[in-house]
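The block underneath contains the structure these notes are about, expressed in structure tokens.
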Amino acid sequence: MDHRDHVGLIRAGVEGAGPRWLELGAGEGAFTLALADLLGPAADILALDPDASALRRLAAELPARFPGRRLRTVTGDMRDAVPDGPFDGVLAANSLHFLTDPVAVLRRVAAVLQPGGRLVVVEYDADEGNRWVPHPFSSGRFAVLAGEAGLRDPHEIGRVPSRFLGAIYAARAVWPGPDLVLHSRPHGEDREE
């Protein structure tokens, strides 16, 4: 995949959102660069990753390719904590499949999103992993995980074929805010109170 593919995968989840975003597991920043491209000059991105050297390379490359975008980096592990928000969006591209319990992190994500904020996930469309991608989750399973974390309207927004595990998809879900409580009804219908 190249930059154009990265932008295409996440475009529908990012366009129209505010400029303040958190990226979980940013690494060297392939998707951070796509995010900066889509958000434009108002971009205010906080990139979290446990690899400080990868974040240093990202911090050098992003301003060279996209001048004027604000990038801050934090060395840390999303399993321990996520930076305080509020954020307009959170991007987790090829990072959640390293977690045995993604719902715990998704709940932390919901807590730092402003009401109406978006979670955009890029993941392999499989429920069985391998040693390089140990805990992927399919697009259908993402909808369940997002719901368990209190996120609404999870749906797929993009897909590309992959020689590893068949396909990579992007999906988006929205944090409705802490005041909106969902109660389940029969047949999967939800009501708001």
**Q.** Helix-only mean residue ellipticity at 222 nm for the chain, each DSSP H run of n ≥ 4 adding -39500 (n - 2.57), per residue, nearest 500
**A.** -9000 deg cm²/dmol
Q. Working out 0.36 nm times the residue gap between ALA42 and VAL144, then minus their Cα-Cα distance, what length gain in nm do you get to one decimal?
A. 33.4 nm
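How far, in nm, would the chain grow between ALA111 and HIS135 when pulled straight, counting 0.36 nm per residue and subtracting the alpha carbon separation?
6.3 nm
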Q. Hey, got the Cα dimensions of region 3-67 along the principal axes, in Å, largest first?
A. 32, 22, 21
Q. Of ALA146, ALA170, GLY68, whose Cα points farthest to the positive end of the dipole of the chain (charges on the beta-carbon: +1 Lys, Arg; -1 Asp, Glu; origin at the Cα centre)?
A. GLY68
Q: For the chain, find the longest principal axis of its Cα atoms and tell me its angle to the long axis of helix 52-65, 0 to 90°, nearest 10.
A: 70
Q) What shape does region 38-86 have by the C-alpha gyration tensor, where a ≥ b ≥ c are the square roots of the eigenvalues, rounded means a/c under 1.5, and otherwise prolate means a/b greater than b/c and oblate the rest? A) oblate
(Q) Just to compare against my own numbers: the Cα pair-distance distribution for the chain, 5 Å bins, whole % per bin, please. (A) 1, 8, 17, 21, 22, 16, 9, 4, 1, 1, 0
Q: For the chain, calculate the relative contact order in percent as a whole number, restricting contacts to Cα pairs under 8 Å that are 6 or more residues apart.
A: 19
Q. Once you list every other residue whose beta carbon is under 15 Å from the beta carbon of PRO136, what net charge do they have if Lys and Arg are +1 and Asp and Glu are -1?
A. -2
Q | Where labels lie 7 Å past Cα in the beta-carbon direction, separation of ALA64 and ASP51 in nm | A | 1.7
Q. Once amide H atoms are placed 1.01 Å from N in the peptide plane, what residues at a sequence separation of 5 or more from LEU113, or on another chain, have their amide H within under 5 Å of its amide H?
A. PHE87
Q | For region 132-173 and region 70-85, distance of Cα centres in Å | A | 22
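Taken together, the values in this text are just the output of simple stated rules run on the coordinates, not laboratory data. As the structure is a prediction and not an experimental result, all values here were calculated from the model. Backbone-built Cβ (ideal geometry, glycine too); neighbour counts: all protein chains shown.
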